[in-house]
Amino acid sequence: MSNSTQSEIVLEVKGVSKRFGGLQALSDVGITIRKGQVYGLIGPNGAGKTTFFNVITGLYTPDGGTFQLGGAPYTPTAVHEVAAAGIARTFQNIRLFPEMTALENVMVGRHVRTSSGLIGAIFRTPGFKAEEAAIARRAQELLDYVGIGKYAEFKARTLSYGDQRRLEIARALATDPKLIALDEPAAGMNATEKVVLRELIDRIRKDGRTILIIEHDVKLMMGLCDRLTVLDYGKQIAEGTAAEVQRNEKVIEAYLGAGHKAH
Ligand SMILES: Nc1ncnc2c1ncn2[C@@H]1O[C@H](COP(=O)(O)OP(=O)(O)OP(=O)(O)O)[C@@H](O)[C@H]1O
Ligand SMILES: [Mg+2]
(Lines give C-alpha, C1' and ligand atoms only; values in the text may rest on other atoms or scores of the structure.)
(Ligands and ions follow the chains in the order given, each with its own letter.)
Protein backbone atom coordinates (compact mmCIF):
# COMPACT_ATOMS: atom_id res chain seq x y z
CA MET A 1 0.00 0.00 0.00
CA SER A 2 1.21 3.50 -0.75
CA ASN A 3 1.96 5.94 2.02
CA SER A 4 0.09 8.78 0.39
CA THR A 5 -1.42 10.60 3.35
CA GLN A 6 0.53 13.75 2.55
CA SER A 7 -0.05 13.85 -1.19
CA GLU A 8 -2.41 16.31 -2.83
CA ILE A 9 -6.17 15.93 -2.60
CA VAL A 10 -7.80 14.63 -5.79
CA LEU A 11 -11.44 14.46 -4.68
CA GLU A 12 -13.00 16.15 -1.72
CA VAL A 13 -16.70 15.65 -1.10
CA LYS A 14 -18.46 17.12 1.91
CA GLY A 15 -21.96 16.82 3.30
CA VAL A 16 -23.63 14.88 0.51
CA SER A 17 -27.25 13.98 1.07
CA LYS A 18 -29.74 12.36 -1.27
CA ARG A 19 -33.37 11.46 -0.60
CA PHE A 20 -35.65 9.34 -2.77
CA GLY A 21 -39.20 10.03 -1.56
CA GLY A 22 -39.29 8.74 1.98
CA LEU A 23 -35.89 7.06 1.75
CA GLN A 24 -32.77 8.89 2.92
CA ALA A 25 -30.28 7.15 0.64
CA LEU A 26 -27.31 9.33 1.72
CA SER A 27 -26.99 11.44 4.90
CA ASP A 28 -24.15 13.93 5.17
CA VAL A 29 -21.48 11.75 3.56
CA GLY A 30 -17.99 13.13 2.99
CA ILE A 31 -14.72 11.67 1.73
CA THR A 32 -11.24 12.93 0.91
CA ILE A 33 -9.17 10.99 -1.60
CA ARG A 34 -5.49 11.79 -2.13
CA LYS A 35 -3.40 11.25 -5.23
CA GLY A 36 -2.25 7.68 -5.66
CA GLN A 37 -4.70 6.20 -3.19
CA VAL A 38 -7.09 3.32 -3.65
CA TYR A 39 -10.10 4.45 -1.65
CA GLY A 40 -12.79 1.90 -0.80
CA LEU A 41 -16.51 2.29 -0.31
CA ILE A 42 -18.11 -0.68 1.40
CA GLY A 43 -21.38 -1.47 3.11
CA PRO A 44 -24.33 -3.85 2.97
CA ASN A 45 -26.77 -3.99 0.04
CA GLY A 46 -28.75 -0.78 -0.32
CA ALA A 47 -26.31 1.20 1.87
CA GLY A 48 -26.04 3.98 -0.71
CA LYS A 49 -22.73 3.15 -2.39
CA THR A 50 -23.90 3.34 -6.00
CA THR A 51 -26.04 6.38 -5.15
CA PHE A 52 -22.85 8.10 -3.96
CA PHE A 53 -21.15 7.25 -7.29
CA ASN A 54 -24.20 8.50 -9.18
CA VAL A 55 -24.10 11.79 -7.28
CA ILE A 56 -20.39 12.48 -7.79
CA THR A 57 -20.60 11.58 -11.49
CA GLY A 58 -23.61 13.77 -12.23
CA LEU A 59 -26.26 11.08 -12.70
CA TYR A 60 -28.25 12.08 -9.60
CA THR A 61 -28.67 15.62 -8.31
CA PRO A 62 -27.80 15.70 -4.61
CA ASP A 63 -29.95 17.52 -2.04
CA GLY A 64 -26.77 19.03 -0.63
CA GLY A 65 -23.02 18.76 -0.69
CA THR A 66 -19.84 20.43 -1.92
CA PHE A 67 -17.37 18.97 -4.40
CA GLN A 68 -13.74 19.64 -5.29
CA LEU A 69 -11.75 17.83 -7.96
CA GLY A 70 -8.03 18.46 -8.32
CA GLY A 71 -8.30 21.51 -6.07
CA ALA A 72 -11.08 23.17 -8.07
CA PRO A 73 -14.76 23.21 -7.13
CA TYR A 74 -17.04 21.32 -9.47
CA THR A 75 -20.77 20.89 -9.57
CA PRO A 76 -21.75 17.41 -10.71
CA THR A 77 -24.78 18.43 -12.74
CA ALA A 78 -24.11 16.61 -16.02
CA VAL A 79 -22.37 13.33 -16.77
CA HIS A 80 -20.31 14.69 -19.70
CA GLU A 81 -19.13 17.66 -17.64
CA VAL A 82 -17.96 15.37 -14.84
CA ALA A 83 -16.12 13.21 -17.39
CA ALA A 84 -14.45 16.28 -18.86
CA ALA A 85 -13.57 17.49 -15.35
CA GLY A 86 -11.72 14.22 -14.80
CA ILE A 87 -13.79 11.47 -13.18
CA ALA A 88 -14.27 8.26 -15.16
CA ARG A 89 -16.35 5.37 -13.89
CA THR A 90 -17.50 1.85 -14.51
CA PHE A 91 -20.99 0.57 -13.77
CA GLN A 92 -22.32 -2.12 -11.44
CA ASN A 93 -24.49 -3.24 -14.36
CA ILE A 94 -22.01 -3.24 -17.23
CA ARG A 95 -22.73 -0.50 -19.76
CA LEU A 96 -20.82 -1.24 -22.93
CA PHE A 97 -21.90 -0.86 -26.54
CA PRO A 98 -22.58 -4.59 -27.04
CA GLU A 99 -22.50 -4.59 -30.85
CA MET A 100 -19.32 -2.53 -31.09
CA THR A 101 -15.89 -4.14 -30.90
CA ALA A 102 -13.79 -3.97 -27.75
CA LEU A 103 -11.46 -1.52 -29.53
CA GLU A 104 -14.36 0.73 -30.58
CA ASN A 105 -15.73 0.76 -27.03
CA VAL A 106 -12.41 2.12 -25.77
CA MET A 107 -12.18 4.61 -28.65
CA VAL A 108 -15.54 6.05 -27.63
CA GLY A 109 -14.11 6.64 -24.15
CA ARG A 110 -11.13 8.47 -25.62
CA HIS A 111 -13.23 10.93 -27.60
CA VAL A 112 -14.07 12.88 -24.47
CA ARG A 113 -10.42 14.03 -24.63
CA THR A 114 -10.08 14.79 -28.36
CA SER A 115 -10.68 18.11 -30.04
CA SER A 116 -13.14 16.72 -32.57
CA GLY A 117 -15.12 15.10 -29.75
CA LEU A 118 -17.95 12.61 -29.87
CA ILE A 119 -19.89 14.57 -32.51
CA GLY A 120 -16.85 14.44 -34.78
CA ALA A 121 -16.66 10.72 -34.18
CA ILE A 122 -20.29 10.19 -35.11
CA PHE A 123 -20.16 12.36 -38.24
CA ARG A 124 -16.59 11.37 -39.12
CA THR A 125 -15.35 14.90 -39.77
CA PRO A 126 -11.88 15.40 -41.34
CA GLY A 127 -10.54 16.44 -37.95
CA PHE A 128 -11.79 13.20 -36.51
CA LYS A 129 -10.23 11.05 -39.23
CA ALA A 130 -6.84 12.66 -38.62
CA GLU A 131 -7.01 11.75 -34.96
CA GLU A 132 -8.54 8.33 -35.44
CA ALA A 133 -5.38 6.31 -36.07
CA ALA A 134 -3.71 7.70 -32.96
CA ILE A 135 -6.83 6.99 -30.92
CA ALA A 136 -6.98 3.42 -32.20
CA ARG A 137 -3.34 2.87 -31.27
CA ARG A 138 -3.93 4.22 -27.78
CA ALA A 139 -7.09 2.10 -27.42
CA GLN A 140 -5.14 -1.02 -28.37
CA GLU A 141 -2.49 -0.14 -25.77
CA LEU A 142 -5.19 0.14 -23.13
CA LEU A 143 -6.71 -3.20 -24.10
CA ASP A 144 -3.23 -4.74 -23.80
CA TYR A 145 -2.79 -2.98 -20.45
CA VAL A 146 -5.94 -4.53 -18.95
CA GLY A 147 -5.03 -7.90 -20.48
CA ILE A 148 -7.62 -8.28 -23.26
CA GLY A 149 -5.62 -7.02 -26.23
CA LYS A 150 -6.26 -10.16 -28.24
CA TYR A 151 -10.00 -9.47 -28.19
CA ALA A 152 -9.74 -6.00 -29.79
CA GLU A 153 -11.86 -6.95 -32.79
CA PHE A 154 -14.41 -9.02 -30.86
CA LYS A 155 -17.86 -7.55 -30.25
CA ALA A 156 -18.17 -6.52 -26.62
CA ARG A 157 -21.15 -8.80 -26.03
CA THR A 158 -19.09 -11.88 -26.96
CA LEU A 159 -16.54 -11.31 -24.18
CA SER A 160 -16.77 -13.13 -20.86
CA TYR A 161 -18.26 -11.25 -17.94
CA GLY A 162 -14.86 -10.70 -16.36
CA ASP A 163 -13.39 -9.46 -19.65
CA GLN A 164 -16.32 -7.06 -20.12
CA ARG A 165 -15.53 -5.60 -16.71
CA ARG A 166 -11.91 -5.16 -17.73
CA LEU A 167 -13.04 -3.56 -20.98
CA GLU A 168 -15.04 -1.04 -18.94
CA ILE A 169 -11.87 -0.24 -16.99
CA ALA A 170 -9.92 0.26 -20.25
CA ARG A 171 -12.65 2.60 -21.50
CA ALA A 172 -12.56 4.57 -18.26
CA LEU A 173 -8.75 4.86 -18.44
CA ALA A 174 -9.06 6.17 -22.00
CA THR A 175 -10.35 9.50 -20.70
CA ASP A 176 -7.06 9.96 -18.80
CA PRO A 177 -9.03 10.67 -15.61
CA LYS A 178 -7.89 12.30 -12.39
CA LEU A 179 -10.03 9.72 -10.59
CA ILE A 180 -11.29 6.35 -11.75
CA ALA A 181 -14.38 5.09 -9.95
CA LEU A 182 -15.11 1.35 -10.11
CA ASP A 183 -18.54 0.06 -9.05
CA GLU A 184 -18.15 -3.62 -8.10
CA PRO A 185 -15.47 -4.55 -10.66
CA ALA A 186 -15.14 -8.06 -9.20
CA ALA A 187 -18.85 -8.88 -9.32
CA GLY A 188 -19.41 -12.18 -11.09
CA MET A 189 -15.69 -12.98 -11.20
CA ASN A 190 -14.26 -16.27 -10.01
CA ALA A 191 -11.30 -16.47 -7.61
CA THR A 192 -8.71 -16.58 -10.40
CA GLU A 193 -10.22 -13.59 -12.19
CA LYS A 194 -10.26 -11.68 -8.89
CA VAL A 195 -6.51 -12.23 -8.46
CA VAL A 196 -5.92 -10.85 -11.96
CA LEU A 197 -8.20 -7.89 -11.22
CA ARG A 198 -6.36 -7.18 -8.00
CA GLU A 199 -3.07 -7.12 -9.93
CA LEU A 200 -4.58 -4.77 -12.49
CA ILE A 201 -5.82 -2.33 -9.84
CA ASP A 202 -2.42 -2.41 -8.13
CA ARG A 203 -0.78 -1.65 -11.48
CA ILE A 204 -3.17 1.23 -12.18
CA ARG A 205 -2.27 2.69 -8.79
CA LYS A 206 1.46 2.14 -9.33
CA ASP A 207 1.17 4.01 -12.62
CA GLY A 208 0.08 7.07 -10.66
CA ARG A 209 -3.69 6.94 -10.86
CA THR A 210 -6.18 7.47 -8.09
CA ILE A 211 -9.00 4.98 -7.60
CA LEU A 212 -12.35 4.93 -5.80
CA ILE A 213 -13.77 1.43 -5.58
CA ILE A 214 -17.02 -0.17 -4.40
CA GLU A 215 -16.75 -3.88 -3.75
CA HIS A 216 -18.55 -6.49 -1.67
CA ASP A 217 -15.54 -8.77 -1.34
CA VAL A 218 -14.33 -7.36 1.99
CA LYS A 219 -11.19 -9.50 2.03
CA LEU A 220 -10.19 -8.15 -1.39
CA MET A 221 -10.92 -4.59 -0.22
CA MET A 222 -8.98 -4.84 3.03
CA GLY A 223 -5.87 -5.92 1.13
CA LEU A 224 -6.28 -3.34 -1.61
CA CYS A 225 -7.48 -0.08 -0.09
CA ASP A 226 -5.38 2.64 1.55
CA ARG A 227 -8.50 3.97 3.24
CA LEU A 228 -12.17 3.02 3.34
CA THR A 229 -15.52 4.51 4.15
CA VAL A 230 -18.29 2.26 5.41
CA LEU A 231 -21.87 3.19 4.63
CA ASP A 232 -24.95 1.73 6.31
CA TYR A 233 -28.46 2.96 5.53
CA GLY A 234 -26.94 6.03 3.89
CA LYS A 235 -24.86 6.97 6.92
CA GLN A 236 -21.09 6.97 7.11
CA ILE A 237 -20.48 4.70 10.08
CA ALA A 238 -16.68 4.45 9.77
CA GLU A 239 -13.72 5.93 7.90
CA GLY A 240 -10.06 5.00 8.09
CA THR A 241 -7.45 2.44 7.18
CA ALA A 242 -8.39 -1.21 6.72
CA ALA A 243 -7.15 -2.02 10.23
CA GLU A 244 -9.17 0.81 11.78
CA VAL A 245 -12.34 -0.05 9.90
CA GLN A 246 -12.12 -3.77 10.63
CA ARG A 247 -12.15 -3.32 14.39
CA ASN A 248 -14.92 -0.69 14.39
CA GLU A 249 -17.91 -1.96 16.41
CA LYS A 250 -20.47 -0.26 14.17
CA VAL A 251 -18.97 -1.94 11.13
CA ILE A 252 -19.04 -5.37 12.72
CA GLU A 253 -22.67 -4.75 13.72
CA ALA A 254 -23.64 -3.54 10.23
CA TYR A 255 -22.21 -6.64 8.60
CA LEU A 256 -23.31 -9.20 11.16
CA GLY A 257 -26.35 -7.54 12.72
CA ALA A 258 -29.96 -8.59 12.17
CA GLY A 259 -31.66 -7.49 8.97
CA HIS A 260 -28.51 -7.46 6.87
CA LYS A 261 -27.02 -10.15 4.77
CA ALA A 262 -23.34 -10.56 5.57
CA HIS A 263 -21.00 -10.61 2.57
N1 LIG B 1 -33.29 6.08 -8.57
C2 LIG B 1 -33.72 5.64 -7.39
N3 LIG B 1 -34.99 5.83 -7.00
C4 LIG B 1 -35.42 5.39 -5.80
N5 LIG B 1 -34.66 4.73 -4.92
C6 LIG B 1 -33.38 4.51 -5.26
C7 LIG B 1 -32.83 4.94 -6.50
N8 LIG B 1 -31.54 4.57 -6.56
C9 LIG B 1 -31.28 3.94 -5.40
N10 LIG B 1 -32.38 3.90 -4.62
C11 LIG B 1 -32.47 3.32 -3.29
O12 LIG B 1 -31.45 3.90 -2.49
C13 LIG B 1 -30.88 2.93 -1.62
C14 LIG B 1 -29.40 2.84 -1.87
O15 LIG B 1 -29.22 2.20 -3.13
P16 LIG B 1 -27.78 1.98 -3.78
O17 LIG B 1 -27.99 1.40 -5.11
O18 LIG B 1 -27.00 3.24 -3.69
O19 LIG B 1 -27.15 0.91 -2.78
P20 LIG B 1 -25.78 0.12 -2.86
O21 LIG B 1 -25.05 0.39 -1.58
O22 LIG B 1 -25.08 0.42 -4.13
O23 LIG B 1 -26.28 -1.40 -2.84
P24 LIG B 1 -25.75 -2.72 -3.62
O25 LIG B 1 -24.60 -3.22 -2.78
O26 LIG B 1 -26.90 -3.65 -3.56
O27 LIG B 1 -25.35 -2.31 -4.99
C28 LIG B 1 -31.63 1.63 -1.87
O29 LIG B 1 -32.65 1.50 -0.92
C30 LIG B 1 -32.20 1.83 -3.26
O31 LIG B 1 -33.37 1.08 -3.44
MG1 LIG C 1 -24.54 -0.66 -5.77
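The values are calculated or read from the model by the stated rules, or taken from the named source; none is laboratory data. Only a predicted model underlies this, so the values are computations on that prediction, with no experimental measurement involved. Ideal geometry is used to build each Cβ from the backbone, glycine not excepted, and the neighbour counts take in all protein chains shown. SASA here: full protein model, heavy atoms, side chains in, ligands and nucleic acids out. Shrake-Rupley method; radii C 1.70, N 1.55, O 1.52, S 1.80 Å.
Any residue at all in region 80-94 that's farther than 30 Å from GLN24 by Cα and modelled with pLDDT of 80 or more? No, region 80-94 contains no residue that is farther than 30 Å from GLN24 by Cα and modelled with pLDDT of 80 or more.
Among ALA134, ALA156, ALA139, ALA152, which is outside the structural domain of ASN54 (by TED's automatic domain parsing), touching a Leu at 6+ places or on another chain (Cβ under 6 Å) and free of Cβ contacts under 8 Å to residues at least 40 places away in the same chain? First the steps, then the outcome.
On the way: ALA134 fails: touching a Leu at 6+ places or on another chain (Cβ under 6 Å); ALA156 fails: free of Cβ contacts under 8 Å to residues at least 40 places away in the same chain; ALA152 fails: free of Cβ contacts under 8 Å to residues at least 40 places away in the same chain.
Testing whether each residue is outside the structural domain of ASN54 (by TED's automatic domain parsing), touching a Leu at 6+ places or on another chain (Cβ under 6 Å) and free of Cβ contacts under 8 Å to residues at least 40 places away in the same chain leaves just ALA139.
Screening ARG247, ARG227 for residues that are more than 16 Å from ligand 2 (Cβ to nearest atom) and under 20 Å from LEU11 (Cβ atoms) leaves exactly one candidate, ARG227. Do the conditions hold for LEU59, that is, is it touching a strand residue (DSSP E or B) at 6+ places or on another chain (Cβ under 8 Å) and surrounded by 14 or more Cβ atoms within 10 Å (Cβ to Cβ)? Taking the combined requirement at face value, the residue does not satisfy it. Of GLY208, GLY240, GLY234, GLY162, all but one fail to be open to solvent by less than 10 Å² (accessible area, probe 1.4 Å), at positive phi, away from ligand 2 (no atom under 16 Å from the Cβ) and not basic (Lys, Arg); the exception is GLY240.
Within region 211-222, the set of residues being away from ligand 2 (no atom under 16 Å from the Cβ) and open to solvent by 30 Å² or more (accessible area, probe 1.4 Å) comprises just one member, LYS219. Per the listing ILE122, ILE135, ILE180, the residue uniquely aliphatic (A, V, I, L, M) and in contact with a His (Cβ under 8 Å, 6 or more places away or on another chain) is ILE135. Just one of (1) more than 16 Å from ligand 2 (Cβ to nearest atom); (2) under 17 Å from the mean Cα position of the chain (by Cα); (3) among the aliphatic types (A, V, I, L, M) fails for ILE122. It is (2).
I need the full set of residues from region 35-50 which are within 13 Å of ligand 2 (Cβ to nearest atom) and either closer than 23 Å to ARG209 by Cα or surrounded by fewer than 22 Cβ atoms within 10 Å (Cβ to Cβ) (or both), in order please.
LEU41, ILE42, PRO44, ASN45, GLY46, LYS49, THR50
Scanning region 1-34 for residues that are open to solvent by less than 20 Å² (accessible area, probe 1.4 Å) and either touching a helix residue (DSSP H, G or I) at 6+ places or on another chain (Cβ under 8 Å) or outside the structural domain of GLY64 (by TED's automatic domain parsing) (or both) yields LEU11, VAL13, VAL16, ALA25, LEU26, VAL29.
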